[in-house]
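Note sheet for the following structure.
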Amino acid sequence: MKTPKSVAAVGVLVAVTLAVAGCSGTDDKPAASTSSSAAEKVTLTYVNWDGGMDKVVDEWNKLNPNIQVKLSKPSGTGYTLYNKLITNNKAGTNPDVTEVEYQALPALIANQVVVPIDGYVQDLASKYDKNALSQVKFEGKTYGVPQNVCPMVFFYRKDVFDKLGVKPPKTWDEYAAAAAAIHKADPKKFIGNFTAADPGWFAGLAQQAGANWWKADGDTWTVNINDAASKKVADYWDGLINKGLVSPQPNWSAQWNTDMNNGTIVGWVGAQWGPNQLPSIAKDTAGKWAAIPLPAWTAGDTTVGIWGGETEAVTANSKHPAEAAKFVEWMNSSEAGMSSLISNVQVFPASSQGQQLPVLKTPPPFMSTQPDYNTLMATVSKGVRTFDIWGPNANVTFDSYSNAFGAALQKKTALSGALDTMQEATVSDMKKLGFQVAG
């Protein structure tokens, strides 16, 4: 993955669109470590919102008495955190290490909030495939070690499908047929839902279909959010919605939770991390779900998109970047670090070696009836396809998705039109920031 050379030059403009002020005056070279001796004790600050991360940090601290990590949870997640990081960058008050979702990394690079770690971390290419590394590499520089991979999959209520004699779908055509069969057998039941609350969900489906929303060539960006592949996905779901075959309840809503728990909704187009969320969504259905690969557009095609994923990045404010990078590398690529992440944070490693660790032989508790759950995830991960690059204002794109798709559902207009709105909003914002956008 790479960004155009103009990104760093307009970093302050990106900060404006994120409703914050200022960027650091650092260049793209790693900051110099102030540690003068291997025996000197260093304390790193680390911001992360994931539950269980304290146990991972505790394990690191026991193994590294001279490089201690102090963990804190941010006051907000996602772009609430990223906006604060950009604001605090100039003041020099950012932590040494921060959690960053893949789609947000370009904005932090543009604002010079994070620094490359190539001088401190080597041989990542032997541990990660090209798709995984593309999430953290920009213009040949590495800004983190990939932590997890979140391939999209299909969860379904095996007991309901078996009772109704409906086969789990292998293709999107079969998904539509299964949706019709389930709704015909019981008009109160739905195979799944369409959600306007999750732009990352739709982005993953668009990736599977072949979309590439952003491209960068030198100083020029090309934006194709309303491309044919994305409209194909939108039109497909439009057809299911218009026939009343999927629920309009958005993910995470109270009604969606209720419907998932009581069997009104008997399937979910989700991602690898689904079993971590299902206990709080459908607590009475443990052991009744099964996971299979995401339905394909063409039978036999193993391509899938991702929904989620993150890395840890070393900030420009860190006075100990070498030690910070060592901590990031240990957590995300060592056997001890990855095993701890799996056990305590339920991470599925981006590292192919990590995906074979013994701790993954035990399925998530919610999927106890599917002992090969993690083996399935490792297999599905081989077919992951992502965007070549995430745009520098993905937050604007994501906000536009929720607004435009929500409005389309409410007004019962074509979902493909919402993609046109997203395209216009994204391009307009990039041009206001001073980016060169083709077309």
Order by protection proxy (mean Cβ within 10 Å, highest first), peptides 422-435, 314-327, 264-277, 162-175: 314-327, 264-277, 422-435, 162-175
Counting DSSP beta bridges with both ends in the chain, the antiparallel % (nearest 5): 65
Convex hull volume of segment 63-104 per residue (C-alpha atoms, cubic angstrom): 95
Distance from segment 198-241 to segment 122-181 (C-alpha centre basis), Å: 16
Scattering profile of segment 86-233 at q = 0.11, 0.18, 0.21 Å⁻¹ [log10 I(q)/I(0), Debye over alpha-carbon scatterers]: -0.65, -1.17, -1.39
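Please sort 63-70, 226-233 by packing, taking for each peptide the average over its residues of neighbouring beta carbons within 10 angstrom, highest first.
Highest-to-lowest ranking by the protection proxy: 226-233, 63-70.
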Span per principal axis, largest first, for the Cα atoms of segment 182-238 (Å): 55, 20, 14
Footprinting exposure proxy for 385, 157 (fewest neighbouring C-beta atoms within 10 Å first): 385, 157
Debye equation applied to the C-alpha atoms of the chain, log10 I(q)/I(0) at 0.06 Å⁻¹: -0.25
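Taken together, the values in this text are just the output of simple stated rules run on the coordinates, not laboratory data. Bear in mind the structure is a predicted one, so any value in this text is a computation, not a measurement. Glycine also receives a Cβ, built like all others from the backbone with ideal geometry; neighbour counts cover every protein chain displayed.
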